[in-house]
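One structure is given below, encoded as structure tokens.
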Amino acid sequence: MFKDFFSALMEGKLIGAKCRECEEITCPPKSTCNRCGSRNLEIVELSGKGKIVSYTVTYVAPLGYDREVPYVVAIVELDEGAWIIGRLDVDAEKADNEDLIGKRVEVYGKEFPTEQFYPDKQRRVVPMFRVVE
Amino acid sequence: MKRDVAVLGVGQTKFGSHPDKTLPELFAEAFFEAFDSSNIELRDIEAIYFGNFVGEITDGAANLGGFIADEIGLSGIPAYRFEGACASSSVAFREAYLAVKHGIYDCVLVGGAEKLHSAGTPIGTRALATALDSAYEVNSGLTFPGVFALIARLYAKTYDIPLDKLREKIAHVSVKNHKYGAMNPKAQFYNKFGNLKVEDVLNSRMICSPLTLFDCCPMTDGASAVIIATADFAEDRVDEPIYVRGTGQASAGSLFRQKWDIVKALPRRKSAEMAYKEAGMTPKDIDVAFIHDCFTIAEVIASEAMGFFEYGKGADAVEEGLTWADGEIPINPDGGLIGKGHPVGATGTAQIYSAVKLLRGELDFVKIDAETAITDTLGGDFGTLVNIILSVHRR
């Protein structure tokens with residue numbers, strides 16, 4: 001399941017689960033609908049576009065991520081309604097000096113080295129957000 | 001058959017650094033203090049409910065129930081380990097309470113231990129991040145300061161407070177909790193940072209913007225223990241049983257799946273309402289609160305979700321002094337997680353330790369006239385929430 005999401009992301013596709021009962025888009029997909037709990041879901045390709053809800057520049061990282069600091073973690077609200085977490089590909093300085101909340105972004109996947117506790121032992125894929133305005 | 005439940009003795013180690021002790025050894029120290037003030041026999045304890053979050057990672061230690069029981073001389077009785085991230089020992093306490101209330105046991109031991117300080121910051125930060133969504137949140141390098149940094153920015157936007165203004169307002173949480181932590185002999189920062197200024201918080205090292213080092217609680221080693229029993233049993237043995245009047249617990253999934261609910265900490269509202277309902281109380285009946293201030297902003301949103309302030313007003317409240325020891329609802333007069341320390345699996349029962357001591361008039365470094373207290377413990381990014389209401393009155 002979770003590997004399918006990241007494989008699709010590396011192929012340039014953001015996938016979600018559309019609920020056949022209530023139309024809610026759950027992204028990344030999970031076993032049940034994020035709104036009504038239904039199992040009646042179909043995997044769909046999403047627009048990959050959305051806007052920044054919040055973000056933080058991380059200066060102190062966990063073991064396995066320390067070589068990547070400073071990095072900007074963000075929550076994005078997709079046009080389809082779901083929220084996802086990934087990284088903003090902007091400088092730490094820009095992120096701290098400007099208010100980027102509300103900016104339009106596009107999502108793409110980027111591969112990083114995995115670490116001992118990450119569930120995918122081959123690679124770690126991160127949803128990246130490119131500011132498009 | 002439902003029985004009233006009360007706390008007998010409580011115990012807590014000094015919080016800070018204990019590299020010289022194993023988790024069971026550390027817990028034993030807290031247990032002995034609780035046991036020695038409970039006026040019971042060892043054989044009165046029928047089961048152990050033990051909270052620990054990441055013993056596997058910090059100490060290579062799991063299956064801790066049996067080792068804890070054996071360390072304190074109780075080998076053979078049922079001993080459970082509970083894990084609910086930072087709420088581990090509050091989950092343990094609630095389960096213990098329910099077992100006594102519903103007649104499974106008459107007298108049990110609850111507590112927790114954790115050794116995050118000894119683990120060091122990189123391993124400690126990674127260990128804490130295991131309480132996030134392992135596939136979809138940790139992959140970006142999100143950390144716990146990061147979670148509350150995201151929430152802080154969202155809070156500022158939602159309530160239309162300039163971010164710099166919000167940073168100043170929430171810095172008062174750190175100033176307040178460090179003031180009391182510096183007075184608490186069992187706190188990690190005893191005699192330290194008691195005169196912290198707002199500027200010190202704003203100018204300390206940035207961890208995850210906009211949160212600085214002083215917006216965060218520390219990494220801590222420590223243990224705590226509480227002995228609970230039926231109210232009748234407790235009244236026969238101690239002068240001042242503290243009654244458990246209500247408990248609540250709620251859950252949620254990944255941070256991003258909760259969407260706007262994260263600003264309002266809705267699982268916490270659910271948990272607090274469950275506790276108030278069982279106690280037959282409202283937030284107005286609470287005299288003092290021990291709230292999960294893992295970060296400055298965390299205390300603010302918790303104070304709103306628990307019903308002490310309207311949504312969006314919690315940051316003003318701390319700035320105006322309403323949550324200080326002489327305010328209308330004192331919050332964390334023991335220093336909280338920020339001033340006292342946060343040995344994750346021990347934190348919930350350490351809040352109970354402070355609440356019980358305060359209600360008995362034994363928390364001698366701070367004077368608050370209180371008959372009823374609430375605790376609030378948060379595990380993960382709202383994944384596990386527990387609230388416990390304690391009172392000097394049985395009914």
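Among B:128-134, B:302-308, what's the highest-first ranking by average C-beta atoms within 10 angstrom per residue?
Taking the mean over residues of other Cβ atoms within 10 Å, the ranking is B:302-308, B:128-134.
Cross-link candidates for B:Lys115: which lysines have Cα within less than 26 Å, leaving aside residues fewer than 8 places away along the same chain?
B:Lys14, B:Lys21, B:Lys176, B:Lys179, B:Lys186, B:Lys192, B:Lys340, B:Lys357
Plugging the Kirkwood radius over Cα pairs into Stokes-Einstein for the protein assembly as shown, at a temperature of 20 °C and a viscosity of 1.002 mPa s, what D comes out in µm²/s?
So the translational diffusion coefficient is about 92 µm²/s.
Please rank B:Leu385, B:Leu116, fewest neighbouring Cβ atoms within 10 Å first, as an exposure proxy.
Sorted ascending by nearby Cβ count, the order is B:Leu116, B:Leu385.
When A:Thr56, B:Thr22 are ordered from fewest to most other Cβ atoms inside 10 Å of their Cβ, what list results?
B:Thr22, A:Thr56
Just to be sure I understand: with springs between alpha-carbon atoms less than 10 Å apart, which residue in A:Pro29, A:Pro113, A:Pro62 has the highest mean-square fluctuation in the Gaussian network model of chain A?
Maximum among the listed residues: A:Pro62.
What do the square roots of 5 times the Cα gyration tensor eigenvalues come to for segment A:2-131, in whole Å, largest first, as semi-axes of the equivalent ellipsoid?
Equivalent ellipsoid of segment A:2-131: 26, 19, 12 Å, largest first.
Helix-derived [θ] at 222 nm for chain B: sum -39500 (n - 2.57) over DSSP H runs of at least 4, divide by residue count, nearest 500?
Value at 222 nm, helices only: -11500 deg cm²/dmol.
May I ask you to evaluate 6.51 cos²θ - 1.76 cosθ + 1.60, the Karplus curve with θ = phi - 60°, for each residue of segment B:117-124 and list the ³J(HN,Hα) values in order in whole Hz, giving x for glycine and proline?
5, 5, 6, x, 5, x, 5, x
Highest GNM mean-square fluctuation, chain B, Cα pairs closer than 10 Å: which of B:Tyr105, B:Tyr136, B:Tyr155?
Among B:Tyr105, B:Tyr136, B:Tyr155, the largest mean-square fluctuation in the Gaussian network model of chain B belongs to B:Tyr136.
Can you compute the charge dipole magnitude of the protein assembly as shown about its Cα centre, using +1 on each Lys and Arg Cβ and -1 on each Asp and Glu Cβ, nothing else charged? Give it in debye, rounded to the nearest 20.
In total the dipole reaches around 960 debye.
With springs connecting C-alpha atoms under 10 Å apart, model chain B as a Gaussian network and identify which of B:Gly345, B:Gly327, B:Gly65 has the largest mean-square fluctuation.
Maximum fluctuation in the GNM of chain B, among the listed residues, is at B:Gly327.
For B:221-233, what's the mean count of beta carbons from other chains sitting within 10 Å of each residue's beta carbon?
If you average over the peptide's residues, the count of other-chain Cβ atoms is 0.
Once the mean 1/r over all distinct Cα pairs of chain B is inverted, what Kirkwood radius in angstroms do you read off?
By the Kirkwood definition, the hydrodynamic radius is 20.3 Å.
Just grab the label-to-label distance for B:Leu42 and A:Arg104, each label 7 Å out from Cα along the Cβ direction, in nm (one decimal).
Rounded to a tenth, the inter-label distance reads 7.2 nm.
Considering amide H positions built from the backbone, and no H for Pro or chain starts, which residues 5 or more places from B:Gly51, or on another chain, come under 5 Å of its amide H?
Hits under the 5 Å cutoff: B:Phe82, B:Gly111, B:Gly112, B:Ala113.
Using a 10 Å cut-off on Cβ to Cβ distances, tally the other chain neighbours for every residue of A:64-76 and report the average as a whole number.
Counting Cβ atoms of other protein chains within 10 Å of each residue's Cβ and averaging gives 5.
For an R0 of 22 angstrom, estimate the FRET efficiency from the Cβ-Cβ distance between B:Arg360 and B:Glu278 and round to the nearest 0.05.
Once rounded, the FRET efficiency stands at 0.45.
Specify the angular offset, from 0 to 90 degrees and rounded to the nearest 10, of the alpha carbon long axis of helix B:23-36 from the longest principal axis of the alpha carbons in chain B.
60 degrees
Once both axes come from the Cα atoms, what is the angle between helix B:88-101 and the longest principal axis of chain B, in degrees from 0 to 90, rounded to 10?
40 degrees
Using only atoms on other chains, find how many Cβ atoms lie within 10 Å of each Cβ of peptide A:90-96 and report the average.
Mean inter-chain Cβ contacts per residue within 10 Å come to 1.
Based only on other Cβ atoms within 10 Å, what is the fewest-to-most ordering of B:Leu74, B:Leu98?
Starting with the residue having the fewest Cβ neighbours, the order is B:Leu98, B:Leu74.
Read-outs: derived from the displayed coordinates by stated rules, not from any lab. Since the model is a prediction, treat every value here as computed from it, not as a measurement. In this analysis, Cβ positions are derived from the backbone assuming ideal geometry, glycine residues included, and neighbour counts consider all displayed protein chains.
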